[in-house]
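The values are calculated or read from the model by the stated rules, or taken from the named source; none is laboratory data. Not measured: the values here are computed from a predicted model. Here the Cβ is made from the backbone with ideal geometry for all residues, glycine too, and neighbour counts use every protein chain on show. SASA here: full protein model, heavy atoms, side chains in, ligands and nucleic acids out. Shrake-Rupley method; radii C 1.70, N 1.55, O 1.52, S 1.80 Å.
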Amino acid sequence: MKILLTGGTGYIGSHTAIELIKRGYEVEIMDNLFNSKITVLDEIEKITGVKPKFYKVDLLDKEGLNKLFSEGNYDIVIHFAGLKAVGESVEKPLKYYENNVGGTINLLEVMSKYNVKKIVFSSSATVYGEQAKTEMTEEMQTGVGITNPYGETKHIIEEMLKDVAEADKDYEVTILRYFNPVGAHESGLIGEDPNDIPNNLMPIIMKVSTGEIAELSVYGDDYDTVDGTGMRDYIHVVDLAEGHVAAIEHMKPGVLIYNLGTGKATSVLEMISAFEKESGKKLPYKIVGRRPGDLAIIFANPEKAFKELGWKTKLTIEDAMRDTINYLNKRS
Ligand SMILES: NC(=O)c1ccc[n+]([C@@H]2O[C@H](COP(=O)([O-])OP(=O)(O)OC[C@H]3O[C@@H](n4cnc5c(N)ncnc54)[C@H](O)[C@@H]3O)[C@@H](O)[C@H]2O)c1
């Protein structure tokens, strides 16, 4: 089985490439290297013994995509490529709609042309928007109360994929809604390396620990949670990568949707303290006001993925911290 990973040199794509190669799948990667480095391919080779074929192609380059698919003979596409900086998406919404939505339209057009009709899409818990409930299940309403254009692009792409699968019954679509990916490969060779100013907790913790950011801001300590700080569902990126392997092994015509999360929520202060414990380093932080739109607790109900894909997470927050610190040490 030959699988194309769009955005495969990125954080989640590269970890998924490793798990797929380990299980004997033939993996090829396309990426425009906007938010990743070509050297990731060497690290994948060190870990697996296989260097995936790589194509520097932009999803907005229709000709490039056409050439790729005319020669590729792919069975499945796992579609990671996209811009993901929430803050930037508020400032430059059209860039996000063009790249994420426009890029996916180009991809689906070329897939249909070359009769590649299996696609796994990297969606996000952000599609649930603001809900009264904190435990998210797949059948909950999506698309209402999404607070940024990045999240809107994920919702629009989900709807587009449903329409495509409705119009062409040969399509097999799996939508994976990730919760908060953290951690790195246990080798310390690959991990998250954002080019931009991050606004997710873990990349900020990493940058505070290396001194690139002076201090961590904790947005609110008066929520109704274990310690007053916001709680989220943090999933180790290797567990997440394995979720993709399970997903491609259970595809069928129509649309399948799964939450990929742990089912547990961890607070900001618990995350800080877990990092401090593993690293032996103090992380300077200050409590500031709540951010508009932030909810107290959000976590996945991951039962559907367990029942239908036989997948569940195995790794812990401590594993994620240990692997992140190992990655940071190896990188420096
Ligand atoms: N990391 C998270 O917290 C998170 C959470 C939920 C969903 N997601 C989604 O998962 C996917 C992968 O995320 P990630 O954390 O690995 O991000 P990443 O930025 O590390 O990887 C995305 C890759 O896509 C590439 N890319 C972007 N636009 C492209 C284009 N037009 N053409 C070709 N390549 C392009 C980038 O260069 C990058 O290598 C994204 O779609 C993201 O929105 C991520």
Study note, to complete from the structure: Residue pairs within 9 Å by beta carbon, gap of at least six or interchain, first lying in the range 1-22 and modelled with pLDDT of 95 or more, second near the ligand (Cβ under 9 Å from one of its atoms) and basic (Lys, Arg), listed first then second, are THR9/LYS37; GLY10/LYS84
Check your understanding: Any residue in the range 43-66 that is within 18 Å of the chain's Cα centre (by Cα) and open to solvent by 20 Å² or more (accessible area, probe 1.4 Å)?
Key -> no
Practice item. Can you run down the residue pairs with Cβ atoms below 8 Å, 6 or more apart or on separate chains, where the first is in the range 109-132 and more than 15 Å from ALA247 (Cβ to Cβ) and within 14 Å of the ligand (Cβ to nearest atom) and the partner is modelled with pLDDT of 95 or more and among the acidic types (Asp, Glu)? Key: ALA125/ASP233; VAL127/GLU158
Review point. What is the number of the single condition among (1) more than 17 Å from LYS2 (Cα to Cα); (2) more than 10 Å from the ligand (Cβ to nearest atom); (3) hydrophobic (A, V, I, L, M, F, W, C); (4) touching a strand residue (DSSP E or B) at 6+ places or on another chain (Cβ under 8 Å) that ALA81 does not meet?
Key: (2)
Practice item. Please work out which residue is farthest from THR225 (Cα to Cα), limiting yourself to the range 261-287 and to residues that are open to solvent by less than 40 Å² (accessible area, probe 1.4 Å) and in a strand (DSSP E or B). Key: THR266
Practice item. Kindly indicate whether THR39 is within 21 Å of VAL238 (Cα to Cα), of a type outside the set (D, E, K, R), free of Cβ contacts under 8 Å to residues at least 60 places away in the same chain and within 9 Å of the ligand (Cβ to nearest atom). Key: no
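Select from the range 9-36 the residues that are in contact with a Phe, Trp or Tyr (Cβ under 8 Å, 6 or more places away or on another chain) and part of a loop (DSSP other than H, G, I, E, B) and write down the one among them that is farthest from the ligand (Cβ to nearest atom). Walk me through it before giving the result.
Just the residues of the range 9-36 that are in contact with a Phe, Trp or Tyr (Cβ under 8 Å, 6 or more places away or on another chain), to begin with: 9-10, 12-13, 16, 28-31, 36.
Keeping just the survivors that are part of a loop (DSSP other than H, G, I, E, B) gives 9-10, 36.
Numbers: THR9: 5, GLY10: 2, SER36: 3 Å.
The selected residue is THR9.
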**Study point:** Count - residues of the range 6-31 that are open to solvent by 20 Å² or more (accessible area, probe 1.4 Å) and either within 17 Å of the chain's Cα centre (by Cα) or of a type in the set (Lys, Arg) (or both)
**Key:** 4
Check your understanding: Which pairs have Cβ atoms under 8 Å, sit 6 or more apart or on different chains, and link a residue in the range 86-102 that is among the small types (Gly, Ala, Ser) to one that is within 11 Å of the ligand (Cβ to nearest atom) and open to solvent by 30 Å² or more (accessible area, probe 1.4 Å)?
Key -> GLY87/ASN199; SER89/LYS95; SER89/TYR150; GLY102/LEU60
